[in-house]
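Colleague: Here it is, the structure, as structure tokens.
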Amino acid sequence: MSMNMIQARKKLLAGILFLALITGVVIAVFVSQKRQELRQRANLEDQPSIYFAQNNPVSVSSLSSSPTPQSIFVYLNTLSNNTTGFDVTIAAENGAVIDNATEGSDAGKFNTSLFNTVSPDHKSVRLAKFNANRETVITGRLHIATLTLSVSSEGSLTIPSVIVTKACSSPPCLDKTLSLQIQPLSFVNPSPSPQPTNPPPTLIPTSPEPSATTVPTTNPNSISISLSASTNNFIGIPVETSITPQELLNQTQGKCYSVIGFNAQIGQARAYFSDPAKAVLNSLTELSGGKAFTLQCTEPATVVINGTSQTTLTQVAERITASNVNYLAIPQGFSTAESFLNALNQQVTSRNLHCGRIGRYSNEQNIEYYNPSNDPPSTTSVNFPLEPLKGYIASCK
């Protein structure tokens, strides 16, 4: 056998050994990933948890991104713990957008709803319900919500805040907080990545029924607002005042039960509930002039707010922050969204701010915007008329 043939066989053998080594490494990595997934799934099955799923109750940690709306299930698994309520905030990161949120098939087991609110920028949703009937036992795997998402690029769903209470063993003791495993969900771009060129638009009603009617008083520094039986009486307070949520709710004689605002500086909702059982959720301490708030009512009611003076455009502008969500009241003298947005930008430009759009609730759930520059993006741009004492949302940066 010649020396050349021996060297050729040695090279062939070395190549085979190299390929075997590479194959072994790939298999080892694959097995390791599968073991990790199994361990994560085992943790979710063995401990109380909250996680995301699609099409079935099995948890998923990664899905392909797509601008076409897709449904994501939110599951709470309490195992054998009897839960009395939940308060969950879900955040959509990067390319993920929450189009809508509806109650899951098991949410009806909790008889009192607190929040089912998608933020105006569609980047978060707060879900909260509790059960006032202490005799009802709620355990196991619970489908609490279904989210409709559009994910045009890589993104994720995370759960920055969650409180789940479990019933104490011998009432009248206090409920305890349940410790949970939290499973986020990531979205990755598929490869290849076919993207639809014309995703279906989100339709917004053009002729909604208003949830609150307004009745100005003869006193220019006082306002009277008629509220409807609704979970979204979104009102503006265009007078300089300071009133506590409890003082406002007391005027309704039990017909309204909560007030919700939004702190743009920290990007979080703030709420106050008249029910002592929900006192742990109270974080709103004051209703100030120039701001907007949501009142939730079971019956029609009327509230009167006394102010010291009319809120001016300058005062409204001073309270604007760089946020997609600024709850505000419209001062006197503006009839359309366009006229107010132009005047507001003339005021905030000295603070290096620009407000790209102004929005209002067109019904209890949907928001329509006047957005001339489409920044930030929205599905419509309507130069709608402004109504006195209604609440509005400004997006500024």
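The values are calculated or read from the model by the stated rules, or taken from the named source; none is laboratory data. On a predicted model such as this, the values are computed, not experimentally measured, just so you know. With ideal geometry, Cβ positions are generated from the backbone for all residues, glycine too; neighbour counts draw on all protein chains shown.
Colleague: Which residue, of I260, I235, is in a strand (DSSP E or B) and either over 18 Å from N282 (Cβ atoms) or among the small types (G, A, S) (or both)? Full working, then the answer.
Modeller: Values: I260 fails: either over 18 Å from N282 (Cβ atoms) or among the small types (G, A, S) (or both).
Just one listed residue meets the conditions, I235.
Colleague: Let me ask you something else. Could you pull out the residue among T197, T231, T202 that is modelled with pLDDT under 90, under 19 Å from the mean Cα position of the chain (by Cα) and not assigned by TED's automatic domain parsing to the domain that holds Y361? Even if it seems obvious, please write down each step before you answer.
Modeller: Numbers: T197 fails: under 19 Å from the mean Cα position of the chain (by Cα); T231 fails: not assigned by TED's automatic domain parsing to the domain that holds Y361.
Exactly one of T197, T231, T202 is modelled with pLDDT under 90, under 19 Å from the mean Cα position of the chain (by Cα) and not assigned by TED's automatic domain parsing to the domain that holds Y361, namely T202.
Colleague: From the list S153, S124, pick out the single residue that is in contact with a Gly (Cβ under 6 Å, 6 or more places away or on another chain) and polar (S, T, N, Q).
Modeller: On the way: S124 fails: in contact with a Gly (Cβ under 6 Å, 6 or more places away or on another chain).
So the residue among S153, S124 that is in contact with a Gly (Cβ under 6 Å, 6 or more places away or on another chain) and polar (S, T, N, Q) is S153.
Colleague: Do any residues in segment 121-147 that are assigned by TED's automatic domain parsing to the domain that holds K109 have Cβ atoms under 6 Å from those of residues that are part of a loop (DSSP other than H, G, I, E, B) and of a type in the set (D, E, K, R), where the two are at least six apart or on different chains, and which pairs are they?
Modeller: Listed by first residue and then by second, the contacts come to L142/D106; H143/D106.
Colleague: Among all residue pairs at least 6 apart or on different chains, which show Cβ distances below 9 Å where the first residue, located in segment 234-246, is without any contact (Cβ under 8 Å) to a residue 40 or more places away in the chain and farther than 21 Å from I393 by Cβ and the second is of a type in the set (A, V, I, L, M) and not in a loop (DSSP other than H, G, I, E, B)?
Modeller: Q246/V259
Colleague: I'd like to know if segment 261-281 contains one or more residues that are touching a residue at least 40 places away in the same chain (Cβ under 8 Å), buried (at least 17 other Cβ atoms within 10 Å of the Cβ) and either more than 25 Å from P160 (Cα to Cα) or not assigned by TED's automatic domain parsing to the domain that holds L389 (or both).
Modeller: So far as segment 261-281 goes, no, none of its residues is touching a residue at least 40 places away in the same chain (Cβ under 8 Å), buried (at least 17 other Cβ atoms within 10 Å of the Cβ) and either more than 25 Å from P160 (Cα to Cα) or not assigned by TED's automatic domain parsing to the domain that holds L389 (or both).
Colleague: Being closer than 30 Å to I90 by Cα, modelled with pLDDT of 90 or more and not in a strand (DSSP E or B) narrows it down to one residue among G254, G290; which is it?
Modeller: Details: G254 fails: closer than 30 Å to I90 by Cα.
Exactly one residue qualifies, and that residue is G290.
Colleague: Then there is this: From the residues in segment 162-193 that are surrounded by fewer than 13 Cβ atoms within 10 Å (Cβ to Cβ) and hydroxyl-bearing (S, T, Y), which one is modelled with the highest pLDDT?
Modeller: Per the stated criteria, the residue is S179.
Colleague: Name the single residue, out of those in segment 304-330 being surrounded by 22 or more Cβ atoms within 10 Å (Cβ to Cβ) and not hydroxyl-bearing (S, T, Y), that is farthest from C355 (Cα to Cα). Show your work before the answer.
Modeller: Step one: filter segment 304-330 for residues surrounded by 22 or more Cβ atoms within 10 Å (Cβ to Cβ), giving 305, 311, 316-317, 326-330.
Next, from what is left, pick out any that are not hydroxyl-bearing (S, T, Y): 305, 316-317, 326, 328-330.
Values: I305: 28, V316: 13, A317: 10, N326: 10, L328: 13, A329: 15, I330: 14 Å.
The qualifying residue farthest from C355 (Cα to Cα) is I305.
Colleague: If Q365 passes every condition in (1) in contact with a strand residue (DSSP E or B) (Cβ under 9 Å, 6 or more places away or on another chain); (2) in a helix (DSSP H, G or I) but one, which one does it miss?
Modeller: Condition (2) is where Q365 drops out.
Colleague: What's the number of the condition S80 fails, among (1) modelled with pLDDT under 90; (2) over 25 Å from T380 (Cβ atoms); (3) hydroxyl-bearing (S, T, Y); (4) crowded, with 16+ Cβ neighbours inside 10 Å?
Modeller: In the conditions (1) modelled with pLDDT under 90; (2) over 25 Å from T380 (Cβ atoms); (3) hydroxyl-bearing (S, T, Y); (4) crowded, with 16+ Cβ neighbours inside 10 Å, S80 misses (4) alone.
Colleague: Can you tell me how many residues within segment 124-138 are assigned to a loop (DSSP other than H, G, I, E, B) and modelled with pLDDT of 90 or more?
Modeller: We begin by selecting, within segment 124-138, every residue assigned to a loop (DSSP other than H, G, I, E, B); these are 131-138.
Now restrict to residues that are modelled with pLDDT of 90 or more: 138.
Number satisfying all stated conditions: 1.
Colleague: Taking the options I367, I260, I358, I330, name whichever one is under 29 Å from T84 (Cα atoms) and β-branched (V, I, T). So that I can check it myself, show each step before the final result.
Modeller: Details: I367 fails: under 29 Å from T84 (Cα atoms); I358 fails: under 29 Å from T84 (Cα atoms); I330 fails: under 29 Å from T84 (Cα atoms).
Only one candidate passes the filter, namely I260.
Colleague: Can I ask one more? Between a residue in segment 55-83 that is farther than 21 Å from S161 by Cα and in contact (Cβ under 8 Å) with a residue 12 or more places away in the chain and any residue that is in a strand (DSSP E or B) and polar (S, T, N, Q), which pairs come within a Cβ distance under 7 Å, given they are 6 or more apart or on different chains?
Modeller: Listed by first residue and then by second, the contacts come to S65/S152; S65/S153; P67/S150; P67/S152; P69/T148; P69/S150; S71/T146; S71/T148.
Colleague: Answer with yes or no whether S105 is surrounded by fewer than 19 Cβ atoms within 10 Å (Cβ to Cβ), in a loop (DSSP other than H, G, I, E, B) and out of contact with any Phe, Trp or Tyr (no Cβ under 7 Å at 6 or more places or on another chain).
Modeller: Values: surrounded by fewer than 19 Cβ atoms within 10 Å (Cβ to Cβ): yes; in a loop (DSSP other than H, G, I, E, B): yes; out of contact with any Phe, Trp or Tyr (no Cβ under 7 Å at 6 or more places or on another chain): yes.
So S105 fits the description; yes.
Colleague: Also, quick follow-up: When you go through (1) more than 22 Å from E154 (Cβ to Cβ); (2) surrounded by fewer than 21 Cβ atoms within 10 Å (Cβ to Cβ); (3) of a type outside the set (D, E, K, R) one by one for Q54, which number turns out not to apply?
Modeller: (1)
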